[in-house]
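**Student:** To start, I am sharing the structure in question, which I have written as structure tokens.
The values are calculated or read from the model by the stated rules, or taken from the named source; none is laboratory data. All figures in this text were calculated on a predicted structure; none of them were measured in a lab. Neighbour counts run over all protein chains shown; Cβ positions are idealised from the backbone, glycine included.
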Amino acid sequence: MYCHQCGTLNGDQASFCRQCGASLKPVSGQTAAPAAPRIPTMLPITVKYAGFWKRFAEYFLHMIIVGSVAWVVSFVIGFIIGLMFAGSFESELLILFLVPVILILDWLYFALMESSSKRATLGKMALGIIVTDLEGKRISFGRATGRFFSKILSGIIIYIGFIMVPFTDKKQGLHDMIAGTLVIAK
């Protein structure tokens, strides 16, 4: 028997609805036939895309938080290399070695954080935004990797890949379009 209040299916012998507690007994003058279920209406899900300035603020926070740590680590390593190989050709080679190491660490930071259950870097978490696929689901490490390296393309073309964010319907940059991702409010 269906509840006339909430539409929940209950057992035939039930006196009260197991969901809302309404009486299932017929009111005088009514037959005992079960009422038709009331189908709850679905509300449309609205997605709030993170706009350009929120994303810019997120990257600025990233540069302060992660960039500061990277700068200190690079400075310490560079200082140690400078002391050990002062004025030698090896010191310049070792310092050049830091560039790909920093790129790899930055890639791992973005890809691991954005593909994690948090779906956000520290800056995104602070601003309440997350990275999802086009269906609103968590992205894979591979997709996060593609998104990270697509940002290089967005920057190489005079930052047009980033500047296009406010001009697209879903506030996507070129890197988001390539990776099939969205940045939305949590």
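**Student:** Looking at residue 181 and the list (1) without any contact (Cβ under 8 Å) to a residue 40 or more places away in the chain; (2) within 16 Å of residue 58 (Cβ to Cβ), which single condition is not satisfied?
**Tutor:** With (1) without any contact (Cβ under 8 Å) to a residue 40 or more places away in the chain; (2) within 16 Å of residue 58 (Cβ to Cβ) applied to residue 181, the lone miss is (1).
**Student:** With assigned to a helix (DSSP H, G or I), modelled with pLDDT of 80 or more and within 24 Å of residue 161 (Cα to Cα) as the only criterion, which of 107, 71 stands out? Please lay out each step first, then the result.
**Tutor:** On the way: 71 fails: within 24 Å of residue 161 (Cα to Cα).
Being assigned to a helix (DSSP H, G or I), modelled with pLDDT of 80 or more and within 24 Å of residue 161 (Cα to Cα) holds for just one of 107, 71, which is 107.
**Student:** If you check residue 102 against the conditions, is it out of contact with any strand residue (DSSP E or B) (no Cβ under 8 Å at 6 or more places or on another chain), within 24 Å of residue 152 (Cβ to Cβ) and surrounded by 11 or more Cβ atoms within 10 Å (Cβ to Cβ)?
**Tutor:** Values: out of contact with any strand residue (DSSP E or B) (no Cβ under 8 Å at 6 or more places or on another chain): yes; within 24 Å of residue 152 (Cβ to Cβ): yes; surrounded by 11 or more Cβ atoms within 10 Å (Cβ to Cβ): yes.
Yes: the conditions hold for residue 102.
**Student:** Cβ-Cβ below 8 Å, separation at least six or inter-chain, first residue in the stretch 2-14 and over 10 Å from residue 25 (Cα atoms), second of a type in the set (Val, Ile, Thr) and loosely packed, with under 15 Cβ neighbours inside 10 Å: which pairs?
**Tutor:** 7/39
**Student:** So residue 123 clears everything in (1) at pLDDT below 90; (2) small (Gly, Ala, Ser); (3) in contact with a Leu (Cβ under 7 Å, 6 or more places away or on another chain) except one condition, right? Which one?
**Tutor:** The single condition residue 123 does not satisfy is (1).
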